[in-house]
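**Student:** Got a structure for you, questions after.
The values are calculated or read from the model by the stated rules, or taken from the named source; none is laboratory data. Note that this is a predicted model, so its numbers are computed, not measured. The protein model used for the area step is the full one, side chains on, heavy atoms only, and it has no ligands, DNA or RNA in it. Shrake-Rupley method; radii C 1.70, N 1.55, O 1.52, S 1.80 Å.
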Amino acid sequence: MAISMGGGEGTPMSDINTTPLVDVMLVLLIIFLIAVPVAIQTVEELEIPVLVSQDSDDKVENLLITVTTTDAAGRTPSTLNTAYEGATRNGECRIFINNTTLVNSEELREQAFERLDSIVQRAGGPEAILEQPDLIPQVHIRGDVNAPWRCVAGTIFNIQAAGYPTVGFISNPVDPNG
């Protein structure tokens, strides 16, 4: 290898010093030559168990709550009344349990408490259900986009007052194409 002392009088040297790059590459090569065979030899063949899928008998159904309001004419949504024009901001709150039973706030709290209490008693009491948190049901709320927040917040309050620890919301996914 030739060593250059410069390009002449007063001109800077324009050659790239590759010696540190070659040194680093040689060190990495030696590390990989040592590490790869060790890593390959230490990995053993794994036997992954094959399990048959079974339906769970103790799976608790989650509680589905639908929150909406009356339309401008004061009509309540239902499968029988097709004249319903959609929720309005000034309408009266309408709460449905499992999309079928129309309830008011007090009935919601009572029915939700009775349902949760029967699940807890079936599991063996509060201590037993705390040991198996998968048995604790969740509440899923579907709120109409035009329902005022007072209706949704009142529903959350009554559900939590009934003893449900987990309340979630169901929404429609956003279409990425438009």
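**Student:** Using only the Cα atoms of the range 58-167, build the gyration tensor, take square roots of its eigenvalues as a ≥ b ≥ c, and label the shape rounded, prolate or oblate: rounded if a/c is under 1.5, else prolate if a/b is larger than b/c, else oblate.
**Tutor:** Here the range 58-167 falls in the prolate category.
**Student:** Please give the solvent-accessible surface of GLU107 in Å², to the nearest 10, using a probe radius of 1.4 Å with every protein chain present.
**Tutor:** Accessible area, nearest 10 Å²: 80 Å².
**Student:** Quick check: from the Cα gyration tensor, does the range 126-175 come out rounded (a/c under 1.5), prolate or oblate?
**Tutor:** Judged from the Cα gyration tensor, the range 126-175 comes out oblate (a/c at least 1.5, b/c at or above a/b).
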